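The values are calculated or read from the model by the stated rules, or taken from the named source; none is laboratory data. Quick caveat: nothing in here was measured; it's all calculated off a predicted structure. A quick note on method: Cβ atoms are made from the backbone with ideal geometry, for glycine too, and the neighbour counts reach across all protein chains shown. Keep in mind that these areas ignore ligands, DNA and RNA; they rest on the heavy atoms of the full protein, side chains included. Shrake-Rupley method; radii C 1.70, N 1.55, O 1.52, S 1.80 Å.
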Amino acid sequence: MEQSHIVKESIEKKGLEQLVILGAGYDTRAYRIEGLRKLKIFEVDHPDTQSTKMERLKKAFGSLPDHVVFVSTDFETETLGQRLLNSGFDKSKKTLFIMEGLVMYLPPESIDDTLFFIVKNSGKGSTILFDYYPESVVDGTCELELGKNIRKFMIQQGEPLKFGIKEGMVETFLAERGFSRVQNVTAEEYKKMYFHGVNKDREVCSLLAFTHATIE
Ligand SMILES: C[S@@+](CC[C@H](N)C(=O)[O-])C[C@H]1O[C@@H](n2cnc3c(N)ncnc32)[C@H](O)[C@@H]1O
């Protein structure tokens with residue numbers, strides 16, 4: 001997914017000081033977006049995924065880039081907070097937390113732990129950015145064929161979906177956890193906003209929604 005405009009805007013207009021990419025996978029923003037080299041970036045991921053990425057980065061660049069700190073964590077068995085604080089995360093800084101392609105794979109209690117940590121340990125004006133499925137896709141009550149198929153496919157893959165947000169409830173969900181200024185974008189809106197020119201035929205799953213919210 002291309003949410004890099006929020007990253008760029010956060011650097012250029014909103015004084016972003018720190019970037020944390022949770023469930024970073026093979027995200028390459030840290031290495032390709034101008035302006036990010038001057039920030040401290042934390043890539044947090046499952047040890048299995050992260051070790052493979054680190055090997056590939058070493059091959060590509062000769063060594064690991066200095067501006068990125070790699071934090072290996074299993075969100076299901078460890079709490080993000082201590083790992084991040086022990087790795088040099090500065091809780092007074094204005095931070096953007098990206099959780100892309102992540103929350104749907106985590107149990108609700110891990111998401112609550114993570115959001116709780118973020119709210120309690122981030123500088124004023126810090127934000128979160130994530131994509132999610134409606135709860136009905138996750139609990140099997142979605143009546144759309146696509147929703148049923150996604151759920152079934154992920155079960156077959158051995159990565160069942162674990163978390164979704166009730167349709168129309170993202171603002172309440174986030175407000176209850178301490179976030180405000182919630183901006184929610186549907187897949188259709190997202191496509192209209194960003195998929196132009198060479199990207200015009202790119203696919204985005206029509207059931208995904210994308211949310212940006214602030215800690216004031
Ligand atoms: C679908 S990939 C998304 C990767 C990347 N954010 C992107 O959008 O391309 C899911 C990522 O979440 C990570 N992940 C899933 N479950 C996790 C867990 N329990 N603890 C830590 N990371 C996890 C995986 O290692 C993987 O990097």
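When we measure straight from the Cα of Lys191, which lysines land under 17 angstrom away, once same-chain ones fewer than 8 places off are left out?
Lys200
Taking a quarter of the surface of the Cα convex hull of the chain, what do you get in nm²? Let's see the in-between values first.
Details: hull surface 49.2 nm².
Approximately 12.3 nm², given one-decimal rounding.
Once fully extended, how much extra length lies between Glu216 and Gln183, figured as 0.36 nm per residue of separation less the alpha-carbon to alpha-carbon distance? Don't skip to the end; give the middle numbers.
Values: separation 33, 0.36 × 33 = 11.88 nm, distance 1.44 nm.
Computed gain between Glu216 and Gln183 is 10.4 nm.
Determine the relative contact order of the chain: mean sequence separation of Cα pairs under 8 Å and six or more apart, normalised by residue count, in whole percent.
Working: 341 pairs, mean separation 40.0, N = 216.
Reported as a whole number, the value is 19 percent.
Roughly what % of Cα-Cα distances in segment 72-175 sit above 23 Å, to the whole percent?
Working: 1796 of 5356 pairs.
Value for segment 72-175: 34 percent of Cα pairs lie more than 23 Å apart.
Sort all Cα-Cα distances of segment 127-216 into consecutive 5 angstrom bins from zero, then give the percent of pairs in each bin up to the one containing the longest distance.
Histogramming segment 127-216 at 5 Å steps yields 3, 13, 20, 20, 18, 16, 8, 2, 0 percent.
Assign unit charges at the C-beta atoms only (+1 for Lys and Arg, -1 for Asp and Glu), then state the dipole size of the chain relative to its Cα centre in Debye, rounded to the nearest 20.
Working: 29 positive and 33 negative charges, 183 e Å.
Around 880 debye, computed over the chain.
With labels modelled as points extended 7 Å from the Cα through the Cβ direction, what inter-label distance (nm, one decimal) is found for Asp112 paired with Glu9?
3.2 nm
At 1.4 Å probe size, with the rest of the protein present, what percent of the exposed accessible area of segment 2-215 is carbon and sulfur atoms?
Values: 5590 of 11200 Å².
Accessible surface attributable to carbon and sulfur in segment 2-215 totals 50 percent.
What whole-number value in Å² describes the accessible area per residue of segment 2-215 for a 1.4 Å probe?
Details: 11200 Å² over 214 residues.
Accessible area per residue, segment 2-215: 52 Å².
Just flag the GluC sites (Glu not before Pro) in segment 155-200 sitting in loop per DSSP whose Cβ has no more than 15 other Cβ atoms within 10 Å.
Sites meeting the loop and neighbour criteria: Glu167, Glu176.
Among all lysine pairs in segment 83-190 that are eight or more places apart or on different chains, how many have alpha carbons less than 24 angstrom apart?
10
Roughly how much of Arg83 is accessible, in Å² to the nearest 10, using a 1.4 Å probe?
For Arg83, solvent-accessible area is about 80 Å².
In nm, what is the difference between 0.36 nm times the number of residues separating Asp201 and Leu85 and their Cα-Cα distance?
Values: separation 116, 0.36 × 116 = 41.76 nm, distance 4.12 nm.
Separation in residues times 0.36 nm, less the Cα-Cα distance, equals 37.6 nm.
Can you pull the one-decimal nm distance between simple spin-label points at Lys59 and Thr77, each 7 Å off the Cα toward Cβ?
Between Lys59 and Thr77, the simple spin-label model gives 2.7 nm.
Note the full-extension length gain between His46 and Tyr26 as 0.36 nm times their separation in residues minus their Cα-Cα distance, in nm to one decimal.
On the way: separation 20, 0.36 × 20 = 7.20 nm, distance 1.18 nm.
Full-extension gain reported as 6.0 nm.
At 1.4 Å probe size, put Asp74, Asp113, Asp45, Asp66 in order of accessible surface, largest to smallest.
In descending accessible area the options line up as Asp66, Asp113, Asp74, Asp45.
Could you pull the accessible area for Val185 with a 1.4 Å probe, rounded to 10 Å²?
The value for Val185 is about 30 Å².
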